[in-house]
Amino acid sequence: MSPYVAEFIGTALLILFGDGVVANVVLNKSKGHNSGWIVITTGWGLAVIVGIYAVGTISGAHLNPAVTIGLAAIGKFEAARVPGYVIAQVAGAMFGALLVWLAYLPHWKETPDPATKLAVFCTAPAIRSTPGNLICEMIGAAALVFGALSIPSNANLSGAGWSTGFGPILVGLLVFAIGLSLGGPTGYAINPARDFGPRLAHALLPIAGKGGSDWGYAWIPIVGPAIGGVLGAAAYRLLYS
């Protein structure tokens, strides 16, 4: 399988289970309605594990432009392949969001609040503050990339990366921890494709009673994680060089 196809599939699985757990919690008349933040962060952590195990041996399971860009910045990934990976990740995220929309098709019209529907697809800040929101996303993505790179060096996985053995479970727990500790201010996108792809799907899909897609905020979960990914990778290189 092409690594680009693998990134598409892995990211689609990430969004299917990640946005899917948000839909389960926030959409009216769902079995999981109002089950809370712990359920959402747990679901996202498990989504990461599934996505990495699915395609890790094929593409390395970046599933996130912040990871791809961060690795390229420190010479651990070929720069020429970055655009293809990013395009595959965004397309996969859009497809995963489409599947979530279909899975919860009867529930959109039962949920009157447009902001709640948008929350299934993409992030929004608890307090809208451009500097604060940007910094939070940078910190979260830096923690993700630094942690994912460090895990093989400290978990008897040297040479295997984070995509085989127990690596995906540890990265899933890392994302769970980021959600619990840093997710409150912005909803922890920490992944430009995870936010932009589903946001674009929200704009294009005929979702019953939807509002706008909040494009004025959309650049923050793109730029913040991209910068954070580079910073996290640089910190890893500094520590482990």
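Carbon-plus-sulfur fraction of the accessible area of the range 59-160, 1.4 Å probe, in percent?
66
Under a plain spin-label model, where a point goes 7 Å from the Cα along Cα-to-Cβ, how far apart in nm are Ser35 and Thr57?
So the label points at Ser35 and Thr57 sit 3.1 nm apart.
Compute the accessible area per residue over the chain, keeping the other protein chains in place, probe 1.4 Å, unit Å². Working shown, then result.
Numbers: 9970 Å² over 241 residues.
Per residue, the chain has 41 Å² of solvent-accessible surface.
Would you rank Thr116, Thr186, Thr57 by solvent-accessible area, highest first, keeping every protein chain in place and using a 1.4 Å probe?
From most exposed to least exposed: Thr57, Thr116, Thr186.
Relative to 2.2 N^0.38 Å, what does the C-alpha radius of gyration of the range 93-241 come to as a ratio? Two decimals please.
1.15
Rank Thr11, Thr42 by accessible area, highest first, at a 1.4 Å probe radius?
Largest to smallest exposure gives the sequence Thr42, Thr11.
Can you compute the FRET efficiency between Leu238 and Val50 using 1/(1 + (r/R0)^6), with r the Cβ-Cβ distance and R0 = 45 Å? Round to the nearest 0.05.
Efficiency computed from Cβ-Cβ geometry: 0.90.
Rank Lys210, Lys76 by accessible area, highest first, at a 1.4 Å probe radius?
Of Lys210, Lys76, the descending order of accessible area is Lys76, Lys210.
The values are calculated or read from the model by the stated rules, or taken from the named source; none is laboratory data. Given the structure is predicted, the values throughout are model-derived calculations rather than measurements. So basically every Cβ, Gly included, is an ideal-geometry build from the backbone, and we count neighbours across all protein chains shown. What goes into the accessible areas is simple: the full protein's heavy atoms, side chains included, and nothing from ligands, DNA or RNA. Shrake-Rupley method; radii C 1.70, N 1.55, O 1.52, S 1.80 Å.
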